[in-house]
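S.K.: I have a structure here, written as structure tokens, and I will follow up with some questions on it.
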Amino acid sequence: MLVTGPKAAAREAAISLALQAATPRGGGAAVILEGLPDGNCLLEASQNLLISRIAPGCLCCAGNLVMRVTLNRLLRQCPARLFIGVAGTTHLDQLRSWLSSPPYDQLLALMPDLHS
């Protein structure tokens, strides 16, 4: 699920609420967050929650290689749910298209975006 919003804290809060609502049994969740937290981190890594942070910037342009490496590492852990928190929505359609192309089309089922 792609999570958008200008503030890191709002994106983390939206992801936290979504995780509390329904995390399937037998699988944890993974989160890729763009940028550094605004202060207190609402999400903490655990046995059932993998968290990776990527430097701020467009994940489909400047951050493409970093995004691919991070995503591939997380997918090897087979999380039941994956959240990608992005600050900007300028290239959101391109990011969604990229995640819908091979090999990710076989590994991910994209859900509607979550706006914080």
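S.K.: Of the numbered conditions (1) surrounded by 17 or more Cβ atoms within 10 Å (Cβ to Cβ); (2) at pLDDT below 90; (3) not basic (Lys, Arg), Ala30 satisfies every one except a single condition; which is it?
M.R.: The number of the failed condition is (2).
S.K.: Where the second residue is among the hydroxyl-bearing types (Ser, Thr, Tyr) and the first is part of a strand (DSSP E or B) and lies in the stretch 94-116, which pairs have Cβ atoms under 6 Å and are six or more apart or on separate chains?
M.R.: His115/Thr4
S.K.: Collect the residues in the stretch 67-87 that are more than 13 Å from the chain's Cα centre (by Cα) and either modelled with pLDDT under 90 or at positive phi (or both), keeping them in residue-number order.
M.R.: The one that is more than 13 Å from the chain's Cα centre (by Cα) and either modelled with pLDDT under 90 or at positive phi (or both): Cys78.
S.K.: Next up: Looking at the stretch 42-101, which of the residues that are among the β-branched types (Val, Ile, Thr) and within 20 Å of Leu114 (Cα to Cα) is surrounded by the fewest Cβ atoms within 10 Å (Cβ to Cβ)?
M.R.: Narrowing the stretch 42-101 to residues among the β-branched types (Val, Ile, Thr): 51, 54, 66, 69-70, 84, 86, 89-90.
The next check asks that each one be within 20 Å of Leu114 (Cα to Cα); those that pass are 51, 54, 84, 86, 89-90.
Details: Ile51: 18, Ile54: 19, Ile84: 28, Val86: 26, Thr89: 14, Thr90: 12.
Of everything passing the filter in the stretch 42-101, Thr90 is surrounded by the fewest Cβ atoms within 10 Å (Cβ to Cβ).
S.K.: Based on what the data block shows, is Arg53 under 14 Å from the mean Cα position of the chain (by Cα), of a type outside the set (Ser, Thr, Tyr) and closer than 18 Å to Ala10 by Cβ?
M.R.: Numbers: under 14 Å from the mean Cα position of the chain (by Cα): yes; of a type outside the set (Ser, Thr, Tyr): yes; closer than 18 Å to Ala10 by Cβ: yes.
So Arg53 fits the description; yes.
S.K.: Starting from the stretch 62-91, take each residue that is hydroxyl-bearing (Ser, Thr, Tyr) and list its partners that are assigned to a strand (DSSP E or B) and surrounded by fewer than 15 Cβ atoms within 10 Å (Cβ to Cβ), counting only C-beta distances under 9 angstrom and pairs at least six apart or across chains.
M.R.: That search, which allows pairs on different chains as well, returns Thr89/His115.
The values are calculated or read from the model by the stated rules, or taken from the named source; none is laboratory data. Small disclaimer: the values here were computed from a predicted structure and weren't measured. Note: ideal-geometry Cβ built from the backbone for every residue, glycine included; neighbour counts use all protein chains shown.
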